[in-house]
Amino acid sequence: MVALPRLVIAAPATGQGKTTVATGLMAALTRAGHLVSGHKVGPDYIDPGYHALACGRPGRNLDPHLVGEDRIVPLLLHGAAGADVAVVEGVMGLYDGRIGTDGYASTAHVAGLTSSPVVLVVDISRASRSVGAVVHGMATFDASVEIAGVILNKAGSPRHAAEVAGSIDLPILGLLGRDDAISAPSRHLGLVPAAERSEASHALDALAERIADTVDLEAVMKLASTAPDLDVTPWDPASEVVSTGSTSAGSDRGPVVAMAGGRAFTFRYTETEELLRAAGCRVETFDPLVDTALPEGTAGLYLGGGFPEVHATGLSENAPLRAALHAAIEAGVPTVAECAGLLYLCRSVDDAVMVGSLPAGARMTSRLTLSYPEVTAPSDTLLTRVGETVTGHEFHRTHVEPAAGAKPAWSIDDLPVGFAGPTLHASYLHVHWAGHPQLAQRFADAVHAATPFVHAPAVVEEGAQATVSTPLEPLRHHGDAEVRGAGLLDFAVNVYPGPRPLWLEQALRDSLDRLDEYPSTDVAEAAAAERHGRAPGEVLATAGAAEAFALLARARPWRRPVVVHPQFTEPHAALEQAGHTVTEVVLPHPFTLDPALVPDDADLVVLGNPTNPTGVLHPAETIRSLQRPGRLVVVDEAFMDTAPGERETLSGDPGVLVIRSLTKHWSIPGVRAGYVLGPTPVIEALRREQSPWAVSTTAAAAIRACSTDAALAEADRRAHTIVGWRRVLTDGLDDLGVPYVPSSASFVLAQVGTGVREALRRAGIAVRRADTFPGLDDTWTRIAVRPEEPTHELVQTLRAVLDNAAN
């Protein structure tokens with residue numbers, strides 16, 4: 001007999017707050033000193049990720065469809081070994097199971113199999129005494145299910161809560177008010193995985209505190225202790241498989257199974273890895289977004305589920321790993337790919353190039369495929385034997401069309417699906433190998449018999465960018481390349497991390513009603529002119545600052561254009577693209593402007609203020625001193641609106657050309673909106689170089705909206721907010737002893753040391769590399785200003801990275 005205090009967290013329907021309460025309860029009990037084991041009814045991978053974060057041990061699934069009724073209690077006891085209490089989160093509504101089976105694999109079914117008391121979570125936000133009727137009905141619907149307590153969620157007020165509580169005859173264990181801040185975000189397949197929420201641990205702390213304050217933990221533990229002892233032997237992977245190689249089970253010298261992990265591949269059952277280890281394999285995790293080579297000695301590949309469509313760009317950009325995977329599979333390395341793994345092995349996912357080992361392409365659709373099938377093996381393959389039946393589940397919005405003649409992995413209702421062969425098995429179907437251990441055995445046997453893959457340097461396709469660590473064109477490298485498709489906590493892109501104002505949202509939406517007309521910038525230019533006290537002829541609307549630099553490069557046959565560095569590299573790149581030879585004036589640390597460094601014969605001088613990436617705000621008078629007859633001084637003020645009061649702006653100076661951008665401060669990089677202020681002859685020269693209708697209707701609407709008095713007030717508020725956030729960052733850098741340049745912008749240039757940027761990236765945080773800026777090397781990095789909570793996480797991670805480097 002095994003004693004295991006336990007309870008099941010259920011709800012009348014999905015969306016009641018079951019995951020929030022269950023995960024919060026696990027976290028609160030753990031923080032109260034208990035050893036908690038988290039479990040999830042059903043096939044879901046995402047909730048167990050949060051459970052693992054809450055409990056500090058793997059989250060486990062309990063699904064009769066996937067593993068059979070007789071394995072539910074053994075798996076529960078195996079997963080809960082050493083724990084004080086097991087908390088089981090239900091699925092959907094309490095009695096909702098596989099369609100057409102009278103509740104098979106439902107929460108109630110699992111509660112009955114495990115003899116566990118049930119705590120019902122009820123959203124009471126839209127009812128009062130009617131909740132009592134719902135709870136009464138749930139409690140009496142099936143006499144074999146014991147609902148022993150209730151937690152009320154989303155109460156509107158104490159009076160509302162009291163009214164509901166008075167209608168319920170069961171113990172009320174907790175009461176939560178409305179608090180969207182403690183709920184987990186959703187994605188097209190459900191919740192966002194904990195591995196992709198860099199702030200998840202902090203959010204979990206807040207949730208645990210909230211649950212501890214609102215739920216009677218002592219009563220919960222007392223209820224869990226009423227669960228009867230279980231007369232079942234815990235599941236043991238070593239009893240399900242045997243090690244067929246020369247090494248013993250659990251040996252660290254066995255053949256390597258490379259298991260995809262990281263943010264793109266978060267879906268796999270813990271028991272899968274345990275079975276492979278018991279069969280004598282050595283499981284090593286690799287991250288397809290970061291790692292450029294497979295683990296040394298790879299003799300098997302397991303590519304589980306996740307969201308490759310979300311991370312498609314990052315996966316595509318890692319060309320060396322794609323090439324290594326393709327070569328390994330071609331060499332016959334035994335490979336299992338489920339769902340996300342299937343997509344990754346296709347030729348492409350939408351427009352992103354993938355590994356290309358399967359003769360098919362994948363695309364996103366609007367249709368959700370959600371099924372609980374029993375499938376048949378149509379032939380002998382790496383995993384299966386002809387006629388064998390297996391249970392599994394599918395959950396995806398993508399579609400893969402197998403090529404004609406491809407050997408299928410499964411037959412579902414007589415339809416062939418997936419791809420299979422002697423060394424490869426790939427399909428959408430997720431299979432819990434604890435329920436079908438023969439699959440693990442066959443894969444392990446093949447791995448033991450395989451020749452380990454010897455990695456050869458990958459040949460990167462012409463024009464492909466292998467990783468962000470080797471930009472092909474440094475002057476064209478921008479911060480978005482650091483985070484594109486990688487799912488990292490973003491400190492690389494200088495876009496204000498807050499919602500757009502409602503008046504701007506409305507202006508952007510209203511512009512869509514005019515898309516049947518050719519765009520006009522007259523009203524936008526007039527608004528910008530009024531905002532800066534300029535004549536309408538002194539303003540040119542542009543498709544962002546990037547277009548302005550391209551127009552400037554073509555406007556005149558510049559004799560000696562000068563770009564003052566370190567600064568935003570786009571004007572330098574645009575001048576070179578137009579055929580000009582650029583003279584670099586590189587400012588030494590601390591990067592303050594020295595007019596004497598600019599050659600006297602320069603007829604064009606371009607600089608930033610505040611400068612990207614240094615954040616230095618140059619005095620307006622110093623910049624004016626650069627003016628000469630026959631010379632045009634151009635000031636990139638893309639970040640001037642991040643400086644409260646826009647002190648040192650030259651937007652009203654009649655002799656200087658000022659380039660402004662709305663991209664960063666207003667969080668609209670996808671709109672590409674900006675404008676140029678300057679002498680009328682120069683503006684007209686730029687206008688002649690501009691293509692007709694270059695500025696979209698939406699961009700023009702943004703320029704107009706961001707020139708109003710309301711916009712000026714909001715811009716200043718944002719600027720002061722940035723000052724506060726920036727102080728949190730610099731205080732953290734001071735504590736770490738990291739040198740940085742005092743900044744007046746929405747970023748800070750810090751000298752963290754060589755290799756630190758890459759280490760932060762491996763830890764899930766992206767910062768902007770600085771060695772693509774002339775005058776800076778790889779010891780520098782640019783850090784975008786963010787709110788306090790993620791900034792604290794950055795500082796803590798940076799501390800760990802620096803401590804590790806010191807040791």
Which residues qualify? For Tyr104, with a placed amide H closer than 5 Å and at least 5 residues away or on another chain, they are Arg98
At a Förster distance of 60 Å, what's the computed FRET efficiency of Glu517 paired with Val586, Cβ-Cβ distance as r, to 0.05? 0.80
Short version: ³J(HN,Hα) in whole Hz for each residue of segment 540-552, in order, from phi by Karplus 6.51 cos²θ - 1.76 cosθ + 1.60 (θ = phi - 60°), x for Gly and Pro, what are they? 10, 6, 9, 7, x, 5, 4, 5, 4, 5, 5, 5, 4
What's the angle, to the nearest 10 degrees (0 to 90), between helix 522-532's Cα axis and the longest principal axis of the chain? 80
Starting from the Kirkwood radius over alpha-carbon pairs of segment 490-538, derive D by Stokes-Einstein at 4 °C in a medium of 1.567 mPa s and give it in µm² s⁻¹. 95
Stretch Asp102-Asp731 to full length: gain in nm at 0.36 nm per residue minus the Cα-Cα span? 220.4 nm
Gain upon complete extension [Thr376, His792; 0.36 nm per residue less C-alpha separation]: 144.6 nm
Compactness summary of the chain: radius of gyration and Dmax from Cα atoms, Å, are 30.3, 95
List every residue whose amide H lies under 5 Å from the amide H of Ser348, counting only residues 5 or more places away in sequence or on a different chain, with H placed 1.01 Å from N in the peptide plane. Met354, Ala362
Give me the percent of the accessible area of the chain that comes from carbon and sulfur atoms, probe 1.4 Å, all protein chains in place. 51
Share of antiparallel DSSP beta bridges in the chain, in percent to the nearest 5? 40
Tell me, what ³J(HN,Hα) does each residue in segment 580-590 have, in order and in whole Hz, if you take phi through Karplus 6.51 cos²θ - 1.76 cosθ + 1.60 with θ = phi - 60° and put x for Gly and Pro? 8, 9, 8, 8, 8, 10, 9, 7, x, 4, x
What FRET efficiency, computed as 1/(1 + (r/R0)^6) with R0 = 30 Å and r the Cβ-Cβ distance, is obtained for Thr622 and Arg509, rounded to the nearest 0.05? 0.10
Measure off 7 Å from each Cα along the Cα-to-Cβ vector at Arg129 and Arg556, then give the distance between these two points in nanometres to one decimal. 8.3
Once all protein chains are kept in place, Asp510 shows an accessible area at probe 1.4 Å, nearest 10 Å², of 60
Residue-normalised accessible area of the chain, expressed per residue, 1.4 Å probe, Å²: 39
Taking the simple approach of a point 7 Å from Cα along Cα-to-Cβ for both Asn804 and Val386, what is their distance in nm? 5.1
Dipole of the chain, positive direction: furthest Cα of Ile147, Ala27, Val400, with charges on the beta-carbon: Val400
Between Val2 and residues 5 or more places away or on another chain, which pairs have amide H atoms under 5 Å apart, with H built 1.01 Å from N, and which residues are they? Leu230, Asp231, Val232
Whole-Hz Karplus couplings 3J(HN,Hα) for segment 661-672, θ = phi - 60° and coefficients 6.51, -1.76, 1.60, Gly and Pro as x, run 10, 9, 4, 7, 5, 9, 6, 10, x, x, 8, 6
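How much FRET efficiency would the formula 1/(1 + (r/R0)^6) give for Ala3 and Asp600, where r is the Cβ-Cβ distance and R0 is 60 Å, rounded to 0.05?
0.10
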Under a cut-off of 20 Å between alpha-carbon atoms, report the lysines in cross-link reach of Lys154, not counting same-chain residues fewer than 8 places apart. Lys18
Stokes-Einstein diffusion coefficient for segment 251-300 at 20 °C in a medium of 1.002 mPa s, Rh from the Kirkwood formula over Cα pairs: what value in µm²/s? 190
Need one word for segment 325-441: rounded, prolate or oblate. Basis is the Cα gyration tensor (sqrt eigenvalues a ≥ b ≥ c); a/c below 1.5 gives rounded, then a/b vs b/c decides. oblate
Given the rule -39500 (n - 2.57) for each run of at least 4 DSSP H residues, summed and divided by the residues of the chain, what is its mean residue ellipticity at 222 nm, to the nearest 500 deg cm²/dmol? -9500 deg cm²/dmol
Among rounded, prolate and oblate, which fits segment 471-567 when a ≥ b ≥ c are the square roots of the eigenvalues of its C-alpha gyration tensor, a/c under 1.5 means rounded, and a/b larger than b/c means prolate? oblate
Can you give me the distance in nm between label points at Thr708 and Arg347, each placed 7 Å from the Cα along the Cα-to-Cβ direction? 5.0
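The values are calculated or read from the model by the stated rules, or taken from the named source; none is laboratory data. Please read all numbers here as calculations on a predicted model, not as lab measurements. So basically every Cβ, Gly included, is an ideal-geometry build from the backbone, and we count neighbours across all protein chains shown. For the accessible areas, the whole protein counts, side chains as well, though only heavy atoms, and no ligand, DNA or RNA atoms are used. Shrake-Rupley method; radii C 1.70, N 1.55, O 1.52, S 1.80 Å.
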